[in-house]
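The values are calculated or read from the model by the stated rules, or taken from the named source; none is laboratory data. All of these numbers come straight from a predicted model, not from anything done at the bench. All Cβ positions, glycine included, derive from the backbone under ideal geometry; neighbour counts span all protein chains shown. Ligands, DNA and RNA are stripped out before the accessible areas are found, and what is left, the full protein with its side chains, is counted by its heavy atoms. Shrake-Rupley method; radii C 1.70, N 1.55, O 1.52, S 1.80 Å.
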Amino acid sequence: MAPGLGVMGEKPAAATTKHLSLGSMASGLREVYESGRTKDMEWRQSQLRGLISLLTDKEEEIFDVLHEDLGKHRGESFRDELGILVKSVKYTLQNLKKWAAPEKAINSCSLLLQHLLHHAHHSAEAPLVAFPATAMVVPEPLGVVLIFSCWNFPLGLALEPLSGALAAGNAVVLKPSELAPSTAAFLAANIPKYLDSRAVKVVLGGPNVGEELMEHRWDKLLFTGSERVGRIIMTKAAKHLTPVALELGSKCPCIVDWLDGKRDRQVAVNRIIGAKWSTCAGQACIAIDHILVEENFAPILIELMKSTLKRFMAKPGGMARILNEKHFQRLSAYLEDTKVAASVVHGGCIDPKTLTIEPTILLNPPVDSDVMTEEIFGPILPIITVKKIEDSIAFLKPKPKPLAIYAFTTNESLKRRIVEETSSGSVTFNDAVVQYALESVPFGGVGHSGFGQYHGKYSFELFSNKKAVFRRSFLIEFMFRYPPWDDSKIGTLRHVFSYSYILLFLTLLGLRR
Amino acid sequence: MKPDKVFLLHIQSGLLLQVSFFRLSDLAFINDAQVPAGVTTFPSSAQIVSEPLGCVLVISAWNYPFLLSIDPVIGAIAAGNAVVLKPSEIAPATSALFAKLLPVYVDNSCIKVVEGGVPETTELLDQKWDKIFYTGSGNIGRIVMAAAAKHLTPVALELGGKCPAIVDSDVDLHVAVKRLAVGKWGCNNGQACIAPDYVVTTKSFAPELVDSLKRVLERFYGQDPLQSEDLSRIVNSNHFYRLTNLIDDKKVSQKIVHGGQRDEKQLKIAPTLLVDVPLETALMTAEIFGPFLPIVTVEKIEDSIEFVNARTKPLAAYLFTRNKKLQGEFVSNVPAGGLLVNDVALHVTNPQLPFGGVGESGMGSYHGKLSFDCFSHKKAVLIRGFGGEAGARYPPYTAEKQSILRGLINGSFFALVLALLGFPREKR
């Protein structure tokens with residue numbers, strides 16, 4: 001019977017760490033890992049199935065906690081967190097055996113034949129000195145891994161990496177953000193019920209708990225959050241040589257080219273609004289931060305955005321809430337700058353009592369204002385106009401590399417230039433944010449937006465060690481490997497390493513074992 | 001510091017392979033990889049585009065000063081980056097060679113060599129890089145990673161460790177011992193991150209193994225190894241004394257069964273065998289990086305896996321056996337950067353195999369295409385058109401929309417069709 005779900009006549013272990021110190025939790029987990037429990041393929045599959053059950057059984061409760069923490073409408077919660085999580089875990093379950101299987105690297109034997117049959121053209125595999133041999137890459141778990149998740153997608157950013165870590169065969173500690181307390185409590189209560197609580201732990205708490213966790217060595221760490229904390233995490237990880245992956249934020253620009261036709265324009269605007277205000281009220285690392293558009297097109301764009309926003313936000317629930325007072329103050333402060341306030345063309349109303357900021361559009365705020373230099377992470381959308389749309393590339397180049405660049409355009413040459421001349425975690429044309437839902441492409445940043453990629457197979461690989469395995473037989477020995485060395489042995493080796501097999505063959509005729 | 005011939009042998013092995021691998025006409029892997037896009041974002045196409053990271057810093061080590069500099073630099077250049085190489089000051093002749101020759105053969109405006117020691121390295125580490133590639137010790141690795149953290153710079157650390165070699169009694173002893181010996185003493189007299197650090201074998205087999213090793217050592221290096229031209233010297237007096245201190249410890253010296261001679265003037269130490277050195281001694285806890293080969297004995301050969309796993313994960317682990325079951329257990333249960341069965345060190349010659357450590361032995365890997373990947377960013381590119389607009393995505397989130405969305409996300413073609421047909425129909 002496969003080990004796994006905590007519900008096997010056993011009481012799940014205490015999810016919180018009130019009774020255990022983090023140190024003993026970490027060493028306990030290591031023991032569990034060393035026992036081989038989590039490496040077992042059946043165990044991993046049972047954990048993934050457990051996750052799917054958790055997500056399907058507890059759907060209503062999930063909608064409730066996400067609404068409590070962030071005011072997300074269930075439609076948004078399903079679309080952005082629950083729905084794609086289930087899809088992703090199913091995808092992982094389907095492909096797990098394939099991903100975990102050893103991969104053969106081409107062996108020198110068949111290669112030698114290829115060489116002798118065709119011309120002596122180079123292909124890079126083990127040279128003859130290692131003949132005959134088999135070479136494989138074997139994925140194995142890293143051990144005990146730590147995941148820090150963020151408050152804005154508190155379910156998705158916790159469970160997506162968790163599923164990858166479990167699929168790769170690790171024991172896991174998950175520390176959800178305390179800024180989304182209902183979801184954190186939900187995870188702490190339910191993970192022990194649906195997953196193997198001996199190998200998967202949820203630790204609740206604030207920054208001090210995070211710091212304490214960082215005192216220990218982990219076999220891998222995935223952090224989703226701000227640049228500032230990312231630096232602190234990596235510095236602490238360096239003490240233990242804990243490898244890290246950092247998923248950080250950035251100002252994701254959206255280039256909007258001149259679009260013909262009412263339909264295309266409407267579709268573009270729908271998608272822009274969807275990727276700004278409908279995605280956690282703009283509080284998302286991949287939300288559109290600001291727009292770059294030609295000055296002629298800007299008025300058309302703004303008008304259409306206004307009317308569409310009216311429709312989308314007609315009923316309550318169209319937009320999530322600002323997280324808390326602190327972020328509300330931060331965002332209001334952007335609008336307090338007089339020059340910025342003067343650039344408001346839509347919205348701008350704030351209500352400190354309810355912590356609401358209505359969808360706000362700015363037209364050409366000063367490029368050195370805070371709203372244009374810091375990651376906005378909120379429902380304010382600056383629009384910057386340029387003379388020709390190609391100028392937007394020059395605008396972007398000196399800026400820190402963002403997590404995503406978006407561009408709405410039908411111009412193939414502009415698309416090519418954007419891909420070739422800018423750098424970002426990803427590029428999406430004619431849509432935004434949806435790249436998050438695609439398992440076949442890696443999700444992650446570059447430069448200041450972070451490093452390390454996940455989703456789909458990339459999650460599995462992020463939490464694996466790809467071990468090189470090389471096997472030889474005792475049968476054939478080449479004396480030129482061994483000392484004492486002389487020029488003739490070196491000569492032979494030269495032939496071997498240049499793949500000059502004819503010359504080698506001739507030399508070999510003269511060698512003894 | 002190395003005998004000429006050993007030098008040629010080793011640079012040839014790594015270098016020619018890497019350079020030939022990267023012949024321009026073979027750079028097929030830099031082409032964009034098309035990947036499936038799926039129902040949820042239909043219609044769309046997706047690609048993964050490799051792009052350079054930018055300006056990278058390569059800090060190399062002293063033991064293979066040429067190879068460990070050029071190898072990563074080749075990867076960085078192939079991936080399209082600008083590179084600064086900081087060769088080890090402990091191999092000053094090679095460092096000077098790079099400083100003099102590299103600018104002559106490559107584009108000096110984007111590939112630079114910076115020579116120097118700790119102060120220069122510290123200053124380099126203060127700068128912002130798009131990647132740092134470091135080969136060396138775990139202590140400095142920590143310093144490099146902490147410095148990189150200030151700029152959120154990703155790092156690849158190729159560190160060391162104690163590489164174990166398990167030797168079973170069912171082997172072709174003559175061949176096994178030759179391979180073991182060349183992997184240990186043939187590689188810079190043990191000063192290599194992948195040289196076998198220690199051997200584990202059964203109590204009953206140990207004497208035979210020791211005898212065979214003695215014979216092979218004599219064959220390779222003659223009666224007086226300190227006079228052999230084929231034996232590398234110790235890199236400098238610091239390391240020479242570090243090593244002699246290791247075996248001069250009383251608890252250790254009484255376990256020497258062969259060798260132990262040293263020549264301070266030449267900075268040479270002879271290949272030395274020891275049996276069952278107490279595990280708490282420095283020799284048995286720190287990476288040796290020298291010509292001492294301690295042999296640890298266990299009751300049965302299966303116990304060796306437990307012994308190895310009780311220690312930090314090594315860069316490489318070796319097993320000599322014909323027993324398929326033991327081989328299987330070794331491959332499944334010993335975590336390491338790389339594993340070899342019935343040979344030593346050769347996995348580095350296969351550019352398809354990742355070369356790199358795990359845990360204390362490092363993070364990140366390279367060689368062959370992986371060198372290219374190490375210095376690249378894999379950018380996801382998703383291309384959509386304006387067709388296929390699913391109104392179900394947007395607020396207000398009616399029940400109808402939610403059910404179509406559910407279908408779409410679950411990959412249901414029916415839901416897709418409905419969505420494409422414009423359901424649910426909204427009153428405008």
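Look at region B:410-428 and say how many of its residues are surrounded by 22 or more Cβ atoms within 10 Å (Cβ to Cβ) and in contact (Cβ under 8 Å) with a residue 40 or more places away in the chain.
Of the residues in region B:410-428, 0 are surrounded by 22 or more Cβ atoms within 10 Å (Cβ to Cβ) and in contact (Cβ under 8 Å) with a residue 40 or more places away in the chain.
Taking region A:210-226 only, how many residues are buried (at least 17 other Cβ atoms within 10 Å of the Cβ) and touching a Leu at 6+ places or on another chain (Cβ under 8 Å)?
Adding up the residues that qualify gives 11.
Restricting to region B:389-418, and then to whatever is farther than 22 Å from A:Trp277 by Cα and of a type in the set (Gly, Ala, Ser), can you tell me which residue is modelled with the highest pLDDT?
Looking only at region B:389-418, we keep the residues that are farther than 22 Å from A:Trp277 by Cα, and these are B:407, B:410-418.
Retained after the next criterion (residues that are of a type in the set (Gly, Ala, Ser)): B:407, B:411-412, B:415.
Numbers: B:Gly407: 83, B:Gly411: 74, B:Ser412: 76, B:Ala415: 77.
Looking at the filtered set, the residue picked out is B:Gly407.
Looking only at residues that are under 25 Å from B:Lys324 (Cβ atoms) and without any contact (Cβ under 8 Å) to a residue 40 or more places away in the chain in region A:470-485, which one is farthest from the other protein chains (Cβ to nearest Cβ)?
Once the filter is applied, the top-ranked residue is A:Glu477.
Within region B:36-82, can you find the residues that are closer than 30 Å to B:Gly391 by Cα, open to solvent by 10 Å² or more (accessible area, probe 1.4 Å) and touching a residue at least 40 places away in the same chain (Cβ under 8 Å)?
Selection gives B:Ala37, B:Gly38, B:Val39, B:Thr40, B:Phe42, B:Pro43, B:Ser44, B:Ser45, B:Gln47, B:Ile48.
Could you tell me which numbered condition A:Lys315 fails, if it satisfies all but one of (1) open to solvent by 50 Å² or more (accessible area, probe 1.4 Å); (2) part of a helix (DSSP H, G or I); (3) under 30 Å from A:Glu68 (Cα atoms)?
That leaves (2) as the condition not met.
So for region B:314-324 (the condition being open to solvent by less than 30 Å² (accessible area, probe 1.4 Å), over 21 Å from B:Asn188 (Cα atoms), aromatic (Phe, Trp, Tyr) and in contact (Cβ under 8 Å) with a residue 24 or more places away in the chain), does at least one residue qualify?
yes
Yes or no: region A:150-164 includes at least one residue that is under 15 Å from A:Val89 (Cβ atoms), open to solvent by less than 10 Å² (accessible area, probe 1.4 Å) and assigned to a strand (DSSP E or B).
No: region A:150-164 contains no residue that is under 15 Å from A:Val89 (Cβ atoms), open to solvent by less than 10 Å² (accessible area, probe 1.4 Å) and assigned to a strand (DSSP E or B).
Looking at region B:291-306, is at least one residue modelled with pLDDT under 95, under 26 Å from the mean Cα position of the chain (by Cα) and of a type in the set (A, V, I, L, M, F, W, C)?
Just the residues of region B:291-306 that are modelled with pLDDT under 95, to begin with: none.
No, region B:291-306 has no match at all.
State yes or no: is A:Gly452 small (Gly, Ala, Ser) and at positive phi?
When the stated conditions are applied, A:Gly452 passes them.
Are there any pairs with C-beta distances below 6 angstrom linking a residue in region A:322-341 that is free of Cβ contacts under 8 Å to residues at least 40 places away in the same chain to a residue that is of a type outside the set (S, T, N, Q) and open to solvent by 60 Å² or more (accessible area, probe 1.4 Å), with the two at least 6 apart or on different chains, and if so which?
Every condition considered, the pairs that remain are A:Ser332/A:Ile350.
Restricting the search to region A:460-469, which residues are within 7 Å of another protein chain (Cβ to nearest Cβ), of a type outside the set (A, V, I, L, M, F, W, C) and open to solvent by less than 40 Å² (accessible area, probe 1.4 Å)?
Correct list: A:Asn465, A:Lys467.
Could you check B:Thr297 against (1) assigned to a loop (DSSP other than H, G, I, E, B); (2) farther than 29 Å from B:Tyr366 by Cβ; (3) more than 10 Å from chain A (Cβ to nearest Cβ) and say which number it fails?
With respect to (1) assigned to a loop (DSSP other than H, G, I, E, B); (2) farther than 29 Å from B:Tyr366 by Cβ; (3) more than 10 Å from chain A (Cβ to nearest Cβ), B:Thr297 is out only on (1).
State which residue is nearest to B:Ser169 (Cα to Cα) when the search covers only region B:338-357 and only residues that are part of a loop (DSSP other than H, G, I, E, B) and facing chain A (nearest Cβ under 7 Å).
Among them, the one singled out is B:Asn342.
Would you tally the residues in region A:425-460 being over 12 Å from the mean Cα position of the chain (by Cα) and of a type in the set (Asp, Glu)?
Looking only at that region, the number is 1.
Please work out which one of (1) open to solvent by 10 Å² or more (accessible area, probe 1.4 Å); (2) at the interface with another protein chain (Cβ under 7 Å from one of its Cβ atoms) is the condition A:Lys457 fails and give its number.
In the conditions (1) open to solvent by 10 Å² or more (accessible area, probe 1.4 Å); (2) at the interface with another protein chain (Cβ under 7 Å from one of its Cβ atoms), A:Lys457 misses (2) alone.
Can you tell me which of A:Ile291, A:Ile300, A:Ile286, A:Ile272 is touching a helix residue (DSSP H, G or I) at 6+ places or on another chain (Cβ under 8 Å), among the β-branched types (Val, Ile, Thr) and surrounded by fewer than 17 Cβ atoms within 10 Å (Cβ to Cβ)?
Going through A:Ile291, A:Ile300, A:Ile286, A:Ile272 in turn, the sole match is A:Ile300.
Could you check, for region B:164-179, whether at least one of its residues is within 14 Å of another protein chain (Cβ to nearest Cβ), in contact with a helix residue (DSSP H, G or I) (Cβ under 8 Å, 6 or more places away or on another chain) and under 28 Å from A:Phe451 (Cα atoms)?
Within region B:164-179, none of the residues are within 14 Å of another protein chain (Cβ to nearest Cβ), in contact with a helix residue (DSSP H, G or I) (Cβ under 8 Å, 6 or more places away or on another chain) and under 28 Å from A:Phe451 (Cα atoms).
Being under 30 Å from B:Ile301 (Cα atoms), surrounded by fewer than 21 Cβ atoms within 10 Å (Cβ to Cβ) and among the charged types (D, E, K, R) is the filter here; which residues of region B:188-238 pass it?
Of everything in region B:188-238, those that are under 30 Å from B:Ile301 (Cα atoms), surrounded by fewer than 21 Cβ atoms within 10 Å (Cβ to Cβ) and among the charged types (D, E, K, R) turn out to be B:Lys203, B:Glu208, B:Asp211, B:Lys214, B:Arg215, B:Glu218, B:Arg219.
State all residues of region B:259-275 that are within 19 Å of B:Val210 (Cα to Cα) and either open to solvent by less than 60 Å² (accessible area, probe 1.4 Å) or among the β-branched types (Val, Ile, Thr) (or both); if no residue qualifies, say none.
Passing the criteria: B:Gly259, B:Gly260, B:Ile269, B:Ala270, B:Pro271, B:Thr272, B:Leu273, B:Leu274, B:Val275.
Quick check on this structure: which one of B:Glu360, B:Glu389, B:Glu329 is surrounded by fewer than 24 Cβ atoms within 10 Å (Cβ to Cβ), outside any strand (DSSP E or B) and more than 7 Å from every other protein chain (Cβ to nearest Cβ)?
Numbers: B:Glu360 fails: more than 7 Å from every other protein chain (Cβ to nearest Cβ); B:Glu389 fails: more than 7 Å from every other protein chain (Cβ to nearest Cβ).
So the residue among B:Glu360, B:Glu389, B:Glu329 that is surrounded by fewer than 24 Cβ atoms within 10 Å (Cβ to Cβ), outside any strand (DSSP E or B) and more than 7 Å from every other protein chain (Cβ to nearest Cβ) is B:Glu329.
Counting only residues that are farther than 12 Å from A:Glu160 by Cα and open to solvent by less than 10 Å² (accessible area, probe 1.4 Å), how many does region A:70-94 have?
Number of matching residues: 5.
Under the condition of being without any contact (Cβ under 8 Å) to a residue 12 or more places away in the chain and facing chain B (nearest Cβ under 8 Å), which residue from region A:233-266 is surrounded by the most Cβ atoms within 10 Å (Cβ to Cβ)?
Among those that are without any contact (Cβ under 8 Å) to a residue 12 or more places away in the chain and facing chain B (nearest Cβ under 8 Å), it is A:Ala238.
Which residue out of B:Gly328, B:Gly260 is on the phi > 0 side of the Ramachandran plot, of a type outside the set (Val, Ile, Thr) and more than 22 Å from the chain's Cα centre (by Cα)?
Within the list B:Gly328, B:Gly260, the selection yields B:Gly260.
Which residues, taken from region B:229-263, are charged (D, E, K, R), assigned to a loop (DSSP other than H, G, I, E, B) and modelled with pLDDT of 95 or more? Outline the logic, then answer.
Here is the first cut: in region B:229-263, the residues charged (D, E, K, R) are B:229-230, B:233, B:242, B:248-251, B:255, B:262-263.
Right, trim to assigned to a loop (DSSP other than H, G, I, E, B) and you get B:229-230, B:233, B:249, B:255.
Result: B:Lys255, single match.
Across region B:132-146, what is the total count of residues that are in contact (Cβ under 8 Å) with a residue 24 or more places away in the chain, facing chain A (nearest Cβ under 9 Å), open to solvent by less than 10 Å² (accessible area, probe 1.4 Å) and in contact with a helix residue (DSSP H, G or I) (Cβ under 8 Å, 6 or more places away or on another chain)?
So the answer is 1.
May I ask you to list the residues in region A:405-448 that are of a type in the set (Ser, Thr, Tyr), more than 9 Å from every other protein chain (Cβ to nearest Cβ) and outside any strand (DSSP E or B)?
Result: A:Thr409, A:Ser413, A:Thr422, A:Tyr436.
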